[in-house]
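Here is the structure we will look at.
The values are calculated or read from the model by the stated rules, or taken from the named source; none is laboratory data. If you're wondering where the values come from, they're calculated on a predicted model, not measured in any experiment. A quick note on method: Cβ atoms are made from the backbone with ideal geometry, for glycine too, and the neighbour counts reach across all protein chains shown.
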Amino acid sequence: MPHWSRWMVRMAMIHLCLALLLGIMVSFRPLTMRYPVVLSASPVYYHLLMVGWATQLIFGVAHWMFPRYTREQPRGDERWMAGIFFSLNGGLLLRTVAEPMLAQSGLSLWAWLLGFSALLQWLAGIGFILAIWKRVKEK
Amino acid sequence: MPRLSVWFIRLALIYFGLGFTLGAGLLMAKGSFLPLTIWRYRPLHIELLLIGWIVQLAIGVSYWILPRLSEANERGSKTPVRIALLALNGGVLTVCAGFLFEREWLVFAGRVLETGAVVSYTFHLHPRLMYSVWRKR
Ligand code: HEM
């Protein structure tokens, strides 16, 4: 299993744990009554699950199992995958903090960080499409 | 990878690109970098990514990788899989059109198509999974 696939599967499981923990928090009435900021993390819960876990697991496994790119470079340039890994996880973790904080405080720093997190996640997504497209082929 | 899987997976990647781009736009709008009118595309974002990306990719990869019937008959009949490909993509596009033009009946029709796609694909998959159990015995 290639290096970055291992890291992606590892991080996917961490995101899954985080998502489920957050799910508990969002649905725990005494906590949300006291700290309403927790309620505004509800979209973060969905995205830790669907981006951090499901999509990242797909990235990792596809990079490992899809047909070879070329004989010399079966999985393309590994550094590209490293970029996708950091961009996706950095972007998502930034969202995890900035989205509820912005809802709570409205400070423009959080808005900037949220915008940056959108850009990072988008770059990771487009990067993955570019990396995998040529490996989706008949064998 | 069989040709039908190539179709499923490439289409999934296209929806993924569109859905992620919309998602990034929505998040930018939350940070006030884009107008909030983009919010009307929120249901499209969810449809493209949940059904167009995740479900479609799962079908494409499982058609390729799950046990085959036999060496000669490979993966069995392609017809239900072709139906699934057409119905799933027709369904996603119909649901999206329904959200865009605010036509509830289109959303309903699209969801019926998507359900039909999954039933058709399950119909294809069933013997492949049963046969692998018999073979183990
Ligand atoms: C596989 C990928 C994704 C899936 C399945 C997905 C799914 C969803 C779902 C189910 C919702 C509704 C959540 C709720 O009601 O709280 C949602 C909303 C949203 N998504 Fe995504 N999403 C994905 C990726 C992304 C990405 C990459 C971004 C940004 C870069 C994004 C940005 C948003 C935003 C801003 C909302 C609106 C949140 C709100 O209502 O306050 N999504 N998405």
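Quick notes
- Residue that is buried (at least 19 other Cβ atoms within 10 Å of the Cβ) and in contact (Cβ under 8 Å) with a residue 60 or more places away in the chain, where the choices are B:V92, B:V61, B:V118: B:V92
- Scanning region A:47-94 for residues that are facing chain B (nearest Cβ under 10 Å) and more than 19 Å from B:L57 (Cα to Cα) yields a total of 1.
- Enumeration of residues in region B:21-61 that are at the interface with chain A (Cβ under 8 Å from one of its Cβ atoms) and assigned to a loop (DSSP other than H, G, I, E, B): B:G31, B:S32, B:F33
- Evaluation of B:L93 against (1) part of a loop (DSSP other than H, G, I, E, B); (2) of a type in the set (A, V, I, L, M, F, W, C); (3) more than 16 Å from the ligand (Cβ to nearest atom); (4) within 24 Å of A:W122 (Cβ to Cβ) (one fails), failing number: (1)
- Helices (runs of 4 or more DSSP H) contained entirely in region A:29-81, each with at least 2 residues that are loosely packed, with under 13 Cβ neighbours inside 10 Å: A:29-34
- Restricting attention to region A:103-139, the residues being at pLDDT below 95 and under 17 Å from A:S42 (Cβ atoms) number 2.
- When region B:1-21 is filtered for residues that are crowded, with 21+ Cβ neighbours inside 10 Å and either within 18 Å of A:L114 (Cβ to Cβ) or within 9 Å of the ligand (Cβ to nearest atom) (or both), the ones remaining, listed by number, are B:F16, B:G19, B:F20.
- With respect to the conditions (1) in a helix (DSSP H, G or I); (2) among the hydroxyl-bearing types (S, T, Y); (3) touching a residue at least 60 places away in the same chain (Cβ under 8 Å), A:S117 falls short on a single one, namely (3).
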